[in-house]
1. Kindly list, by first and then second residue, each pair from a residue in the stretch 252-276 that is assigned to a loop (DSSP other than H, G, I, E, B) to a residue that is modelled with pLDDT under 90, limited to pairs with Cβ atoms under 7 Å and residues at least 6 apart or on different chains.
2. Hey, any hits in the stretch 80-102 for a residue that's in contact with a Lys or Arg (Cβ under 8 Å, 6 or more places away or on another chain), within 25 Å of residue 219 (Cα to Cα) and outside any loop (DSSP other than H, G, I, E, B)?
3. Does residue 228 satisfy the condition of being of a type outside the set (S, T, N, Q) and in contact (Cβ under 8 Å) with a residue 60 or more places away in the chain?
4. I'm trying to understand the selection: among the residues of the stretch 185-234, which are among the basic types (Lys, Arg), loosely packed, with under 14 Cβ neighbours inside 10 Å and closer than 23 Å to residue 104 by Cα?
5. Can you confirm whether residue 169 is open to solvent by 40 Å² or more (accessible area, probe 1.4 Å), charged (D, E, K, R), more than 19 Å from the chain's Cα centre (by Cα) and at pLDDT 90 or above?
6. Failed condition for residue 249, given (1) at pLDDT below 85; (2) closer than 30 Å to residue 73 by Cα; (3) open to solvent by less than 100 Å² (accessible area, probe 1.4 Å), with all others met?
7. I'd like the residue in the stretch 108-126 that is without any contact (Cβ under 8 Å) to a residue 12 or more places away in the chain and more than 19 Å from the chain's Cα centre (by Cα) and, out of all such residues, is surrounded by the most Cβ atoms within 10 Å (Cβ to Cβ).
8. So, of the residues in the stretch 55-79 that are acidic (Asp, Glu) and outside any helix (DSSP H, G or I), which turns out to be modelled with the lowest pLDDT?
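The values are calculated or read from the model by the stated rules, or taken from the named source; none is laboratory data. Every value quoted in this text rests on a predicted model; they were computed, and no experiment measured them. Every residue, glycine as well, gets a Cβ built from its backbone with ideal geometry; the counts of neighbours run over all protein chains shown. Just the protein is used for accessible areas: all its heavy atoms, side chains included, with ligands, DNA and RNA removed. Shrake-Rupley method; radii C 1.70, N 1.55, O 1.52, S 1.80 Å.
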Amino acid sequence: MSDNYSYVAEDEMLFSASPKSEPETCLGIHFESSEDRREYFRNELRKKLKDPEFRAIEGFPIGDDEDIIALSDPPYYCACPNPWVPDFIREWESQKTPTTTPYKREPFAADVKEDKGDPLYNIHAYHTKVPPRAIMRYILHYTEPGDVVLDGFCGSGMTGVACQMCADEGEIKSLGYSISSNGIIEQDGNRLHVGERKCIQGDLAPLATFIAANHNSAFNYDNFYQKATRILKQVREELGWMYSTIGLGNQKDRINFTVWSDVVICPNCGQEIVVFNDCLNEKLEIKKDFECNKCHYCGEKSQFLRKTETRYDELLDRNV
């Protein structure tokens, strides 16, 4: 897969079609560029959308043919049931090296703990999302390179991301695994192998499949960077005034973030204490005990009452 599909909007300053890319081969057909591949398979998808039996598939989206085609990047992603899935499976199976070794895996029994700070995890929010490095452990354990993994409830597509990451030795080593010079991973008596797994992803939610497709599609990094920079520049010119303030020397400074903090009262001397300034430890966690920065009285945080203000609310006709 090459360039990712770009939507063409009326405002060409923000969006434009992807430039011609390198030649590619898809399902045994050679194309001079990814756009040629898309055009060919879009026309094939148009033909299939005319088939009443195809449109009668349960869960088929409600929409005009051209809208479905515009959202699709066929044959890799279709905004409807993908008719090329059997073709991909046949091609992938034909590419696998035949083996006579019987399949045997002991059940995967280990604690899996991954935080949510992974950049890939944070690209797009989605409920019930799982960090791809957590999924990698199971895929490496139960499958071989080139095996086909089916995720019928793909959500944001992290299983597909994990399948691709199984070819990245750096990512595998980040899991604590050791890799020999011939690409063998020795893990708990199993000989696992470095290599990409193929993944078929589907979901009842159209938004999920769209997000998953974009998480797993290759794209032109330079083209993306140029477009993103252009969009950020325009947004900054239009809305930047909302995030600026007058700083030192009366010059305009950009606000990166704003911190709101409770203010508490020392029970001993009545001194006001800003919690963010004086009551956090090195990890920016609230301390169990607070200390007054004036009289140095130290006590549990429950003893330090929050400072409040009372004002008259004209709409409620009472003090708040």
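1. 255/243; 255/244; 255/245
2. Yes, there is a match, as at least one residue in the stretch 80-102 is in contact with a Lys or Arg (Cβ under 8 Å, 6 or more places away or on another chain), within 25 Å of residue 219 (Cα to Cα) and outside any loop (DSSP other than H, G, I, E, B).
3. Values: of a type outside the set (S, T, N, Q): yes; in contact (Cβ under 8 Å) with a residue 60 or more places away in the chain: no.
Judged against the criteria, residue 228 is not a match.
4. The first filter runs over the stretch 185-234 and keeps only residues among the basic types (Lys, Arg), leaving 191, 197-198, 227, 230, 233.
Among the residues that remain, those that are also loosely packed, with under 14 Cβ neighbours inside 10 Å are: 191, 233.
If the condition is that a residue be among the basic types (Lys, Arg), loosely packed, with under 14 Cβ neighbours inside 10 Å and closer than 23 Å to residue 104 by Cα, then 191 is the only one that fits.
5. Details: open to solvent by 40 Å² or more (accessible area, probe 1.4 Å): yes; charged (D, E, K, R): yes; more than 19 Å from the chain's Cα centre (by Cα): yes; at pLDDT 90 or above: yes.
It is true that residue 169 is open to solvent by 40 Å² or more (accessible area, probe 1.4 Å), charged (D, E, K, R), more than 19 Å from the chain's Cα centre (by Cα) and at pLDDT 90 or above.
6. (2)
7. Across the stretch 108-126, the extreme among qualifying residues is 109.
8. Applying the first criterion (acidic (Asp, Glu)) to the stretch 55-79 yields 58, 64-67, 73.
Cutting the leftovers down to outside any helix (DSSP H, G or I) gives us 58, 64, 73.
Numbers: 58: 87, 64: 92, 73: 93.
By that ranking, first place goes to 58.
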